[in-house]
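A.B. asks: Have a look at the structure that comes next, please.
The values are calculated or read from the model by the stated rules, or taken from the named source; none is laboratory data. No experiment lies behind these values; they were computed from the predicted model shown. As a convention, Cβ positions derive from the backbone with ideal geometry for all residues, glycine included, and neighbour counts pool all protein chains shown.
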Amino acid sequence: MLSSELPISEYNSFYHTYILALGEVTLREELEDGKEAFLSVLKDVDSDALNYAYANGKWTLAEVLMHIIDAERVFQYRALRFARNDSRPLPGFDQNVFIKGLNISGKAKNEIRSEYEAVRNATINLFKSFNTDVLKRVGIASDSEMSVRAMGFIICGHQAHHLTIIRERYLEGK
């Protein structure tokens, strides 16, 4: 299935821009390609740039990178719950609370890379274990019905969205 074929009824409209950002991709290909895209961007980051924020009150580059990782963990967990037919609604998460709770000081680029690779590899393996029927299963998160496959595409689209911001606002001219 292509991301463009994912019915909007399978996710909250808040995530529509993430899905659109993907274009015509399959989930499994994009999970792999997205991993390479993240690592490529990270390769272009020097360690001093991790503490850079492009404006007052904005997250540092390290915080944005960790936000991508945290959000992937959250959506991965949601996908697992829905895939296992857990019908209990899942609450939303506040990204700003997550950032405030993040201990980023002194975190090296190679640590961010290692953590990202572990999370993305787990996501890839999780989604490889799902067949077509499992991917169509639906649960409730943040008061909205969402499918397992939508969670996968949201993981990819969320990352693509933030990588664009990183390139434009954090790595401009590099």
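A.B. asks: Are any of the residues in region 156-169 surrounded by 15 or more Cβ atoms within 10 Å (Cβ to Cβ) and either more than 20 Å from Ala21 (Cα to Cα) or touching a Cys at 6+ places or on another chain (Cβ under 8 Å) (or both)?
C.D. replies: No, region 156-169 has no match at all.
A.B. asks: Go through (1) farther than 23 Å from Ala141 by Cβ; (2) over 17 Å from the mean Cα position of the chain (by Cα) one by one and return the number of the condition Ala62 breaks.
C.D. replies: Looking at each condition in turn, Ala62 falls short on (2).
A.B. asks: Of the residues Phe82, Phe130, Phe75, which is in contact with a Gly (Cβ under 6 Å, 6 or more places away or on another chain), modelled with pLDDT of 95 or more and not polar (S, T, N, Q)? Before you say what the answer is, go through the steps one by one.
C.D. replies: Working: Phe130 fails: in contact with a Gly (Cβ under 6 Å, 6 or more places away or on another chain); Phe75 fails: in contact with a Gly (Cβ under 6 Å, 6 or more places away or on another chain).
Unique residue meeting the criteria: Phe82.
A.B. asks: Considering only region 13-23, I want to know if a residue exists there that is over 19 Å from Ala122 (Cα atoms), small (Gly, Ala, Ser) and either without any contact (Cβ under 8 Å) to a residue 12 or more places away in the chain or exposed (fewer than 11 other Cβ atoms within 10 Å of the Cβ) (or both).
C.D. replies: The answer is yes; a qualifying residue exists.
A.B. asks: If you go through region 71-116 one residue at a time, how many are under 17 Å from Glu10 (Cβ atoms) and in contact with a Phe, Trp or Tyr (Cβ under 7 Å, 6 or more places away or on another chain)?
C.D. replies: Qualifying residue count for the region: 1.
A.B. asks: Filter region 96-128 down to residues that are in contact (Cβ under 8 Å) with a residue 24 or more places away in the chain and not in a helix (DSSP H, G or I) and give me whichever is surrounded by the fewest Cβ atoms within 10 Å (Cβ to Cβ).
C.D. replies: Out of the qualifying residues, it is Ala108.
A.B. asks: Residue by residue through region 35-45, note down the ones that are of a type outside the set (Phe, Trp, Tyr) and either in contact (Cβ under 8 Å) with a residue 60 or more places away in the chain or surrounded by 15 or more Cβ atoms within 10 Å (Cβ to Cβ) (or both).
C.D. replies: Of everything in region 35-45, those that are of a type outside the set (Phe, Trp, Tyr) and either in contact (Cβ under 8 Å) with a residue 60 or more places away in the chain or surrounded by 15 or more Cβ atoms within 10 Å (Cβ to Cβ) (or both) turn out to be Lys35, Ala37, Leu39, Val41, Leu42, Asp44, Val45.
A.B. asks: Identify all residues within region 129-153 that are among the small types (Gly, Ala, Ser) and either closer than 21 Å to Glu30 by Cβ or not in a strand (DSSP E or B) (or both); write none if there are none.
C.D. replies: Within region 129-153, the first condition is being among the small types (Gly, Ala, Ser), and the residues that meet it are 129, 139, 141-142, 144, 147, 150, 152.
Passing the criteria: Ser129, Ala141, Ser142, Ser147, Ala150, Gly152.
A.B. asks: Quick one: what pairs do we get from region 50-77, first residue touching a residue at least 60 places away in the same chain (Cβ under 8 Å) and buried (at least 18 other Cβ atoms within 10 Å of the Cβ), second hydrophobic (A, V, I, L, M, F, W, C) and outside any helix (DSSP H, G or I), C-beta under 7 Å, 6+ apart or different chains?
C.D. replies: Matching pairs, first to second residue: Leu61/Val45; His67/Trp59.
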